[in-house]
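Undergrad: Structure incoming, see below.
The values are calculated or read from the model by the stated rules, or taken from the named source; none is laboratory data. None of these values were measured; they are calculated from a predicted model. Because the Cβ atoms are built from the backbone with ideal geometry, glycine has one as well, and the counts that use them run over all protein chains shown. Areas reflect the complete protein model, heavy atoms only, side chains present, ligands, DNA and RNA absent. Shrake-Rupley method; radii C 1.70, N 1.55, O 1.52, S 1.80 Å.
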Amino acid sequence: SAESVVRDMLSGEAGLILWVVEPGTGGGPVGYALVQDMYDTDGADWAAWLHDLYINAEWRSRDVGARLMAHLAAVAKANGHNGLWWGVHRNNWKAERFYRNLGAHRASISVMGVAGPTLDALAAKAA
């Protein structure tokens, strides 16, 4: 639920950092980014993992997302990180174009996972 996401993001327990973008003219947030420190074993260095980037539709194409990504990169560098990583849904070509325009490239890895009943089944094999 939305309440669970907000509770977990703000708890501080998972090391998540929530960046909220406000327009400076009132009216509430126009977007956010959710970031977490991670250790990149391939690069043997610390990096930041961008869990989520969202900009309200009416604020897209106004450079808000690009400025937020530049801010996240600067924070990552200031924290001694050597990278900023994230995933993109395969069919989200608009997001992929946005990230490529920032200089990002498609990494040579695929993100995989198990959840729900599949996680249950895999965990049951440990017993």
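Undergrad: Add +1 for every Lys or Arg and -1 for every Asp or Glu among the other residues with Cβ under 12 Å from the Cβ of Tyr32, and state the total.
TA: Summing Lys/Arg as +1 and Asp/Glu as -1 gives -2.
Undergrad: When the Karplus curve 6.51 cos²θ - 1.76 cosθ + 1.60 is applied with θ = phi - 60°, which whole-Hz ³J(HN,Hα) does each residue of region 24-31 get, with x for Gly and Pro?
TA: x, 10, x, x, x, x, 10, x
Undergrad: How long are the three semi-axes of the equivalent ellipsoid for the chain, computed from the Cα gyration tensor as the root of 5 times each eigenvalue, in whole Å, largest first?
TA: In descending order, the three semi-axes are 27, 20, 17 Å.
Undergrad: Round to the nearest 0.05 the FRET efficiency obtained for Ala95 and Glu3 when R0 = 25 Å and r is the Cβ-Cβ distance.
TA: 0.45
Undergrad: Moving on to the next point. Per DSSP H run of at least 4 residues, take -39500 (n - 2.57); add these up for the chain, divide by its residues and hand me the 222 nm value, nearest 500 deg cm²/dmol.
TA: -9500 deg cm²/dmol
Undergrad: Return the Cα extents of region 1-66 along principal axes one, two and three, sorted largest first, each rounded to a whole Å.
TA: 41, 28, 19
Undergrad: With every protein chain present, what is the per residue accessible area of region 44-90 (1.4 Å probe, Å²)?
TA: 64 Å²
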